[in-house]
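Here is the structure we will look at, set down as structure tokens.
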Amino acid sequence: MRLIEKVWFNHHPAKWLLVPMLLPLSALFWLISTLRRLSFNIGLSKSCQLSKPVIVVGNIGVGGNGKTPIVLYLVELTRLLGLTPGVISRGYGGKAPHYPYLLNENSTSLEAGDEPILIQQRCQVPIAVGSDRIASAELLIAQGCDIIISDDGLQHYRLARDLELVVVDGKRLFGNGLLLPAGPLREGQWRLPKSDLVIFNGTGYNGKNAQDYQKKPYPCMHMTLAATELCNLFTGERINLTDFIKLNDSVNAIAGIGAPQRFFDTLKEHQLKVINQQSFVDHHAFVLDDFKEFDDNIPLLMTEKDAVKCHGFCKENWWYLPVYAVFSDEDRQLIIDKTQIAIQSAIH
């Protein structure tokens, strides 16, 4: 974990030096973002209402909150409701030949970014990437999509939305509660009641628990991430996680995601002994040299997001762990109800 993240989330002693130094920049960040929101509120800037309903999945803080599993969940949910979803994304980390860029079966993470490739490979759903989310959405609508799911984009106010879901890491929560760069927040906690639903991913620690925040006066729910199988990068083989553990009690692990410790904790919770683990920055562009310290005789486990960038040079003993969003029956029904209301509202 980088020092600044330790300051944000773990009360590292360096906070006494770094936070006072960064507070003026946070004040500037607050001023600029406030003026930007105000321009939309008073009509100086206009939001664009698309011809099809839009669901935005975002967060008020830095990455690693669990947005992608929610997007995957919504893709399947909207299909069950008889719709043809499309996903738009910024495509962070990619450099496409043009924008908006419509992914195809030959697209790579170098072009589109890791998360869009993950979503496409998992769901086989139309995806467009680019900084202009309206242009990306219109491209998908032209392809026949009748509902748009935005992976991130909570602060992209130019895109009008019919349903807004905010995902919060149930462990890290809001860190020190400060705006970037002194803290991890893009917007303050005041933003939560303005969304349609707040989803807490996992449970908390250090005396705080996600359930404590569910007492707030806005719709909240709890989500867990379930892992049931491992997939081999080299062969495509899938094996039940329980069976894998019986054969391999010791593994190595890497993670280049927003909250890598969450992945390592998941492995340990499943009674896997992690011999060597290594964290990389979010959206890290992996090369084979990154893995030179690992013993090829020990299985190497990684996230699905990391795996999409390693297929070109993977080895036979490399595996990734897909995760799935899980809700209680009551919370699942709440998502369905809010989605259906948003769709009907958009139609009328």
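The values are calculated or read from the model by the stated rules, or taken from the named source; none is laboratory data. Remember, it's a predicted structure, so these values are computed and weren't measured experimentally. All Cβ positions, glycine included, derive from the backbone under ideal geometry; neighbour counts span all protein chains shown.
Before moving on, here are some points about what is shown:
- Here Val62 meets the list (1) buried (at least 20 other Cβ atoms within 10 Å of the Cβ); (2) touching a Ser or Thr at 6+ places or on another chain (Cβ under 8 Å) almost entirely, failing just condition (2).
- For the criterion of being under 21 Å from Ala342 (Cα atoms), under 20 Å from the mean Cα position of the chain (by Cα) and in a strand (DSSP E or B), Val75 fails.
- Residues in the stretch 282-301 that are within 16 Å of the chain's Cα centre (by Cα) and at negative phi: Asp282, His284.
- The residues of the stretch 145-194 that are of a type in the set (Asp, Glu) and surrounded by fewer than 24 Cβ atoms within 10 Å (Cβ to Cβ), listed by number, are Asp146, Asp152, Asp162, Glu164, Glu187.
- Annotation note: of Asp289, Asp331, Asp295, the sole residue that is part of a loop (DSSP other than H, G, I, E, B), modelled with pLDDT of 90 or more, more than 15 Å from Glu115 (Cβ to Cβ) and of a type in the set (Asp, Glu) is Asp295.
- Filter result for the condition that a residue is of a type in the set (D, E, K, R) and free of Cβ contacts under 8 Å to residues at least 24 places away in the same chain, over Arg2, Arg79: Arg79
- Those residues of the stretch 112-144 which are surrounded by fewer than 19 Cβ atoms within 10 Å (Cβ to Cβ) and without any contact (Cβ under 8 Å) to a residue 24 or more places away in the chain, in sequence order: Gln124, Ala142
- Residues that are in a loop (DSSP other than H, G, I, E, B), of a type in the set (D, E, K, R), touching an Asp or Glu at 6+ places or on another chain (Cβ under 8 Å) and at pLDDT below 95 do not occur anywhere in the stretch 60-68.
- Beta carbons closer than 9 Å, at least 6 apart along the sequence or on distinct chains, pair a first residue in the stretch 26-38 that is touching a residue at least 40 places away in the same chain (Cβ under 8 Å) with a second that is assigned to a helix (DSSP H, G or I) and aliphatic (A, V, I, L, M) for Ser26/Val19.
- Selection from the stretch 249-269 of residues that are outside any helix (DSSP H, G or I), at pLDDT 90 or above and farther than 18 Å from Cys310 by Cβ: Ser250
- Selection from the stretch 269-287 of residues that are surrounded by 13 or more Cβ atoms within 10 Å (Cβ to Cβ) and either among the charged types (D, E, K, R) or not assigned by TED's automatic domain parsing to the domain that holds Leu301 (or both): Asp282
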